[in-house]
Amino acid sequence: MLEPFSFGVGQGEAVVRDSKRNVNFAGADPRSDGAAIPQGPPIEK
């Protein structure tokens, strides 16, 4: 049995693409050096 947090299991980051709304959603484990940076709205020309 591992403790609630263990480097033996690793960290995680994930990105989910919603193609209908044309946006990405992301999340990262705050206990590691990963980051989930919000995506800005599309820039139309």
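The values are calculated or read from the model by the stated rules, or taken from the named source; none is laboratory data. A quick note: this is a predicted structure, and the numbers were derived from the prediction, not measured. FYI the Cβ positions are ideal-geometry reconstructions off the backbone, even for glycines, and counts take in every protein chain you see.
Cβ contacts < 6 Å: first residue under 22 Å from Pro42 (Cβ atoms), restricted to region 12-32; second residue of a type outside the set (Lys, Arg) and loosely packed, with under 11 Cβ neighbours inside 10 Å, any location; separation 6+ or different chain. Result?
Close Cβ pairs satisfying both conditions: Phe25/Val16.
Out of Phe25, Phe5, which single residue is surrounded by 10 or more Cβ atoms within 10 Å (Cβ to Cβ) and modelled with pLDDT under 75?
Phe5
Could you run through region 35-45 and say how many residues are over 8 Å from the mean Cα position of the chain (by Cα) and either in contact (Cβ under 8 Å) with a residue 24 or more places away in the chain or surrounded by 10 or more Cβ atoms within 10 Å (Cβ to Cβ) (or both)?
1
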